[in-house]
1. Would you mind telling me which numbered condition in (1) among the polar types (S, T, N, Q); (2) under 17 Å from Ala40 (Cβ atoms); (3) in a loop (DSSP other than H, G, I, E, B) Ser76 fails?
2. Here is a check on your reading of the model: is Ala270 buried (at least 17 other Cβ atoms within 10 Å of the Cβ) and at pLDDT 95 or above?
3. Might you check whether a residue that is aliphatic (A, V, I, L, M), within 21 Å of Gln321 (Cα to Cα), part of a strand (DSSP E or B) and under 20 Å from the mean Cα position of the chain (by Cα) occurs anywhere in the range 244-255?
4. For the range 104-119, what are the residues that are in a loop (DSSP other than H, G, I, E, B) and of a type outside the set (Gly, Ala, Ser)?
5. Just name the residue that is modelled with the lowest pLDDT out of those in the range 176-206 that are surrounded by 15 or more Cβ atoms within 10 Å (Cβ to Cβ) and either among the charged types (D, E, K, R) or not in a strand (DSSP E or B) (or both).
6. List every residue pair whose Cβ atoms lie under 7 Å apart, where the two residues are 6 or more positions apart in sequence or sit on different chains, the first residue falls within the range 252-270 and is touching a residue at least 40 places away in the same chain (Cβ under 8 Å), and the second residue, located anywhere, is buried (at least 16 other Cβ atoms within 10 Å of the Cβ) and not in a strand (DSSP E or B).
7. Starting from residues that are within 20 Å of the chain's Cα centre (by Cα) and in contact (Cβ under 8 Å) with a residue 24 or more places away in the chain, keep the ones in the range 297-312 and report whichever is farthest from Gly339 (Cα to Cα).
8. Just checking, which of Gly354, Gly377 is among the small types (Gly, Ala, Ser), surrounded by 15 or more Cβ atoms within 10 Å (Cβ to Cβ), out of contact with any Asp or Glu (no Cβ under 8 Å at 6 or more places or on another chain) and within 18 Å of Asn45 (Cα to Cα)?
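The values are calculated or read from the model by the stated rules, or taken from the named source; none is laboratory data. A quick note: this is a predicted structure, and the numbers were derived from the prediction, not measured. Glycine gets a Cβ as well: all are built from the backbone with ideal geometry, and neighbour counts include every protein chain shown.
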Amino acid sequence: MKKRPLILSTVVLAVATSANAQLITLNDNIDLFVTGTLAATYESNVLKDANAGNVVDDVYFSIIPGLQLVTRSGTSNLSLNAWIAEEIKRYCDNSDFNDENLKAGLGLSYDNFGKTMMDFKASYIQYDNQGTEDSLRYQEKQDRDVTTLSFYGRQYVLPKVSLGLGADYIDTNYDGHYDQYDRYAWGIPVNLYYNLTELYAISLGYRYSNEHASADWAEQNSQSHFLNIGIDAALSAKVSGYARVGYTRYSSIFDETSNGLGWDVGLNYAATQLTSFFVKASGDFGLIADSQSARRILSTIGMNHKITPSVTANLRLSCDQYDYLDVIRSDTAFFGYVGATWSPINQIWSVSGGYQYQMNDSNASLQSYHNNMVTLGASVRF
């Protein structure tokens, strides 16, 4: 699937060698940047294997050339951020794991002085191993393509009343593994907002979600409805956030209808000019990696701290819980990351390093694993 000539890398090299300035100005509003990363990573459990006797550890090197197209800040009501990169990954001891992964994204946003707001995002990313969004452990290295699309718009219909409408889609396609479920999901959120003040808005919302998973030998489909009330607030100059809480009704082909509390909460706190925190939490029902229905409770907390004008440290912790509906099984996936980035004032290049820990704890046989990753890399953008 991904064994192709390194066309993007050749294009990036040609653009870089032809650029005489720090960036290429296409017009008064849009700039083209050349990006690149060189990194070395040690991974203690490449295959996320639960059997200690089968654990494979290795060191791999990544070269990631890319291009980025952006609009200059403040030049237009419309902002653009488009990027494409290719990760060339080479392992020291396990050459069978070598791979090339294409990654591309597009972001468009429009803001007509707060009266009409629209946001569109799209991405296509190739992975060559299980990512942290799946709580399950598989016995072999996985290739998969993930495509995402999302749109959300908000329009004021009265001085204090606005209507929000959106759509989102995600498609995950596994390559050549009969026991992997290709799957897609889409949803439509609708929200009616009422501004109590310039800083506070309450909302009444509804979201419909549909998920489908299939393989050569099985198929699963689910639907969910989330009726909620919410609030969007800037509590102070330092604190802002949102909360949606309501009733969720879930049904699928193989499972009985489930009802319960659903929520989606986010909070940002700028403690000082140097330190900021964020918190995100959600609870719903849905299909997970092996196409079984589960109650999903996801939570993340993060911190960014500027140690010096050139050095920034960041921390991220997340805990995802999955309680299966049709079997006696529960999984808890934990992810932790701590790292730092040194970027000189000119911001053309930077050096970063970090430690990442992944753990899945399951009461099912051979579904628990631990994985440690240490990465050191350097990046350029000019």
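1. It fails just one condition, (2).
2. In short, no.
3. Of the range 244-255, the ones aliphatic (A, V, I, L, M) are 245, 253.
Those left that are additionally within 21 Å of Gln321 (Cα to Cα): 245.
Right, trim to part of a strand (DSSP E or B) and you get 245.
Going one step further and asking which of them are under 20 Å from the mean Cα position of the chain (by Cα), we end up with none.
No.
4. If the condition is that a residue be in a loop (DSSP other than H, G, I, E, B) and of a type outside the set (Gly, Ala, Ser), then Asn112, Phe113, Lys115 are the ones that fit.
5. Across the range 176-206, the extreme among qualifying residues is His177.
6. Asp255/Leu325; Ser258/Leu325
7. Ile297
8. Values: Gly377 fails: within 18 Å of Asn45 (Cα to Cα).
Every option except Gly354 fails the conditions.
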